[in-house]
Every structure is written in C-alpha cells, then in structure tokens.
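**Student:** Structure provided below as structure tokens; questions to follow.
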Amino acid sequence: MSNLAIDGARLLGHLHSLGEIGRDDQGRLVRLAGSDADRAGRDQFVAWLRAAGLEVVIDRIGNIFGLWSPAGAEGDPVLVGSHIDSVIDAGIYDGCYGVLGGLEVIETLKSTGFSPTRPLAVAAFTNEEGVRFAPDMTGSLVFVGGMAVEGALATIGTDGATLGAELSRIGYAGPAQPGFLRPHAYVELHIEQGPVLHREGIAVGAVENLQGISWQRVTIAGVANHAGTTPMHLRHDAGFAAASVITFLRARAAASPSPMVATIGTIRFEPDAINVIPSRAVFTVDLRDPNEDRLAAEEAALADYLEHIAAAEGVTVTTERLARFEPVTFDAGIVALVEAEATRRGLGVRRMTSGAGHDAQMMARIAPSAMIFVPSIDGISHNPRERTEEADLIAGANVLLGVVAKLAGAA
Ligand code: GLV
Ligand code: MN
Ligand code: MN
C-alpha cells in the first residue's frame, strides 16, 4: 500500500476535460446547477464512472454516486466527493478536484488489486455553489436529512426556474432516496481557495473545522423621485440605504477581533435609471465566522443597523434568510490520518479552518468527516484565474488515496 500512487496524468486530463464543459459564448465557465451545462458535465462524469466499472446511482435531488463494492467489501462505504456545479466565470478546480480526485483514487485502488474491507463510493453533490438556487450545498443537505427533498425540489432559482423541474429536464431527478447510504466516513479533497498554504509554502491542509455561514436577501423600499429636483433632505433613497449597509458591514468586519468576513455579492436597483432616485434595492449579504456566537452577534448587529437606516432614510427594509449553517468541527481521527499520510509522503502539512462552505460540512452531520486542502496560487478562487500547481494536485490526491485505503480497512 505504502508506495501506491494515483495516475497524475489521468487526473489532470479529467480535470481539464471537465473544465472545458459549460463554456458560454464568451468562453466563461458557467455550470450552474440544473442548467444544460450542468447536464453536459454530469453526463461526462457518469461516462467516466461507467468506464471505471462503478455502479451509478442518482438520487431524487440529483446527487450522483459511483459505487465500488468488490467481493469481500461489506458494511457502510467510505465516501469521497464534492461537487461539479460552478459559480459564474469559474475556475476549473473548485469542487471538480474532489470529485475527480475521488474517482481517481477508486480507479487506482481498483486497478492495483486492492481489496477493501468496505465498499468505496464517490459523490458529486447537487448545487453546492448556491448561485442559482439557495441554500448552497442543497444536495448534501438533503442527503443528510437537513432539508426535505420536496421542499428542496420546489426551490425557485434566481431566473425563476424550479430546481426539481430543472433536474427532471436534464435527466438527473433520480430514483434513489437521498440518504440511501450512510457513509462509514466522508473525506473531501478540495483546493484551499484562500492564501494560507501558498503563502506558507505548505503542500497539504488538514482541515479541522469550517466556519459558519449566514446568507440573507435584503429588500429596501424607498420612493422614486426626480434626481435633479428632489433636495437631498427630502429623499427616501433605497440606493443610498443599500450603500450604507455595504459600508457598515465592511467597517464591522474591519473592527472585529474575529476573522469574520462580510460580502454583498449581488445588488439590483429599481427602476435602475440614471436620473431617478432608486425606489428599491435588493441585495444579498454573506456573513461568515468560525465562532457561532460571534456570527449570531453580527447578524443581530446587522438587524439593528437595518432598523436604524430604515428610520433615518424613511425607507422600509425586509429580509429573507437564504442559508444558515453553523460552524462545523471535523472528525479528529480523520484529521490526524490526513496529517499522518501527508507526513509519511514527505509533504508539509498544517491544520487549518475552511473559509468556504463545502459538502463535508453537511456530511459531518451523519458520518465522521474531514477535508484535505491543497494550495491555491495567490489564494484566488471563484475566478477563472483559480489555479493549483499540478504537483500539488497530484500530491493531494495521493494523500486522499492513503487516507481512503486506511479507512477502507485494508491491510
Ligand atoms: C462555496 O463556494 C461557498 O463557500 O460559498
Ligand atoms: Mn467547492
Ligand atoms: Mn465554490
């Protein structure tokens, strides 16, 4: 077992092939959940699963599983995976690395006569990114019983489409009941998407926890009026109120003693005209903190500020919760396995916190789980410039190989 290694060229080939699927007419990678591009990516992944001789199972929320249950393998499977949906104008590694790295690990073990005592499985979970449908991590959330499948299928997307209808349309509303398998353990390989490993020159992150995530949609209703004739003190400007919220959150984050982060990633004004005071502003707020109490305190501070700005500007404010996930602590035993396997392979390793959301944070509700990170060059992600050195991609997948082999109980 000790010298076993994945086929790096095959892994990189899969990553680059999948990365070409779902390019829009400007060449941007946009593989939003339930879209035609998502279907094309899924079809390719399923073809690779079949070519590898894995049993393919699709569940009702569209999660795809590739199962390997050779003779002698019994009990709950060791599950690896991540997601293949993307953000808008994405890089090619986010999520895909964990899915294709997982497939690579199983193919390697399968082709080298490895006899696991447990089945192995790789998953691609539906709508991890949450760009089109909220909440994010829908597939894994439903899989662990955190959201009813009917409710999730009824989710309306940013373009008015329904997740369930879109999954049916693209042929991925499967028959299996979410939760049809209970993993013995779940391990997710992922690019870090932040600067820590690259800056410190460390090859592997053993991820021991993941910060809490709070998503809201805020709607501010003001009064449209003439931009040239309305004196400043007589305005009820939804645009100004929205801008005040943006600067409030930036100032809160800057003053916070915690590593709290705050982002307004979408904003829309109505009527959206150069010479009309905005009557309406709709924007999203993404707040994150590794500490649940601090995250709750930031949500409360935002709620207070929204009341304040409503009174001060004479506007009304309503909020809608889109996602709320508490921070997660991963399984100490698997984190230690990741550290030990990286060290055994002569790789630098450090423990770390994940700033991004991942399917592992859902799977941790039902199975011992952890993550393996590899460096992101300059910490760039959710951007087409997202990149990881090939040697780091291969090294991380080899760490996953060793960890999976241990968890699958082989001699
Ligand atoms: C997923 O990429 C997230 O952390 O938003
Ligand atoms: Mn991801
Ligand atoms: Mn992402």
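**Student:** So for the stretch 151-258, taking the charge dipole from beta-carbon charges (+1 Lys/Arg, -1 Asp/Glu), which of GLY194, LEU249, THR230 sits furthest toward the positive end?
**Tutor:** Of the candidates, THR230 comes out farthest on the positive side.
**Student:** Once phi is turned into θ = phi - 60°, what whole-Hz ³J(HN,Hα) does the Karplus curve with 6.51, -1.76 and 1.60 give for every residue of the stretch 180-185, x standing for Gly and Pro?
**Tutor:** So the J values, rounded to whole Hz, are 5, 10, 10, x, 5, 7.
**Student:** In the stretch 119-185, which chymotrypsin sites (Phe, Trp or Tyr not before Pro) fall in coil by DSSP and have 16 or fewer other Cβ atoms within 10 Å?
**Tutor:** For chymotrypsin sites (Phe, Trp or Tyr not before Pro) across the stretch 119-185 that sit outside H, G, I, E and B with at most 16 neighbouring Cβ atoms in 10 Å, the list reads PHE180.
**Student:** Relative to the longest principal Cα axis of the chain, at what angle does helix 292-313 sit, 0 to 90 degrees, rounded to 10?
**Tutor:** 20
**Student:** Using 1/(1 + (r/R0)^6) with R0 = 30 angstrom and r between the beta carbons of GLU320 and SER168, what's the FRET efficiency to the nearest 0.05?
**Tutor:** Numbers: r = 26 Å, r/R0 = 0.87.
Once rounded, the FRET efficiency stands at 0.70.
**Student:** Continuing with this model, one more query. Using the reciprocal of the averaged 1/r over all distinct C-alpha pairs, how large is the Kirkwood radius of the chain in Å? Please report the intermediate quantities before stating the final value.
**Tutor:** On the way: mean 1/r = 0.0450 Å⁻¹.
Computed over Cα pairs of the chain, the Kirkwood hydrodynamic radius comes out at 22.2 Å.
**Student:** Rounded if a/c is under 1.5, else prolate if a/b beats b/c, else oblate: with a ≥ b ≥ c from the C-alpha gyration tensor eigenvalues square-rooted, which is the stretch 180-229?
**Tutor:** In terms of gyration-tensor shape, oblate.
**Student:** Turning to a different aspect of this structure: Would you mind checking the tilt of helix 96-111 against the longest principal axis of the Cα atoms of the chain, expressed as 0 to 90 degrees and rounded to 10?
**Tutor:** Taking Cα atoms only, the helix is inclined about 10 degrees.
**Student:** Another question, then. Helix 332-344 versus the longest principal axis of the chain: what is the Cα-based angle in degrees, 0 to 90, to the nearest 10?
**Tutor:** That helix lies at roughly 60 degrees to the long axis.
**Student:** A follow-up question, please. Which of rounded, prolate, oblate describes the stretch 318-411, given a ≥ b ≥ c as roots of the alpha-carbon gyration tensor eigenvalues and a/c under 1.5 marking rounded, otherwise prolate only if a/b is larger than b/c?
**Tutor:** The shape class here is oblate.
**Student:** Continuing with the same structure: I want to verify a result. In a Gaussian network model of the chain, Cα cutoff 10 Å, which of these has the top mean-square fluctuation: VAL204, VAL317, VAL399?
**Tutor:** Result for the chain, Cα springs under 10 Å: VAL317 fluctuates most.
**Student:** So, one more: Please list the non-local residues whose amide H lies under 5 Å from the amide H of ASN383, H modeled 1.01 Å from N, same-chain partners needing a gap of 5 or more.
**Tutor:** GLY91
**Student:** Mind giving me the FRET efficiency for HIS226 and ASP89? R0 is 56 Å, r the Cβ-Cβ distance, nearest 0.05 is fine.
**Tutor:** Working: r = 37 Å, r/R0 = 0.66.
That gives a FRET efficiency of 0.95.
**Student:** Let me make sure I get this right: for the stretch 94-212, a, b and c are the square roots of the gyration tensor eigenvalues over alpha carbons, sorted descending. Under 1.5 in a/c it's rounded, otherwise prolate if a/b > b/c, else oblate. Which is it?
**Tutor:** It comes out oblate by the Cα gyration axes.
**Student:** Amide H to amide H under 5 Å from ASN209: which residues, 5+ apart in sequence or cross-chain, H placed 1.01 Å off N in plane?
**Tutor:** For ASN209, whose amide H was placed from the backbone, the distant partners under 5 Å are PHE330, MET352, SER354.
**Student:** Further question: What whole-number distance in Å separates the alpha-carbon centres of the stretch 149-228 and the stretch 352-409?
**Tutor:** Centre-to-centre (Cα) distance: 16 Å.
**Student:** For the stretch 212-325, just the Cα set please: Rg and Dmax, both in angstrom.
**Tutor:** 14.8, 48
**Student:** Now for a separate question. Around SER376, which amide H atoms from residues at least 5 apart in sequence, or from another chain, sit under 5 Å from its own amide H, with H modelled in the peptide plane?
**Tutor:** Result for SER376 returns GLU192, GLN193, GLY194, LEU197, HIS198.
**Student:** Taking the Cα atoms of the stretch 164-206 alone, what are Rg (to one decimal) and Dmax (as a whole number) in Å?
**Tutor:** 18.0, 46
**Student:** Roughly how big is the chain's charge dipole about its Cα centre, with Cβ charges of +1 (Lys, Arg) and -1 (Asp, Glu), in debye to the nearest 20?
**Tutor:** 260
**Student:** Given only helices, namely DSSP H runs of n ≥ 4 each adding -39500 (n - 2.57), what is the per-residue ellipticity at 222 nm of the chain, to the nearest 500 deg cm²/dmol?
**Tutor:** On the way: 12 runs with 142 residues, N = 411.
Helix-only estimate at 222 nm: -10500 deg cm²/dmol.
Since every read-out is calculated from the coordinates, none of them should be taken as a lab result. Quick caveat: nothing in here was measured; it's all calculated off a predicted structure. Neighbour counts run over all protein chains shown; Cβ positions are idealised from the backbone, glycine included.
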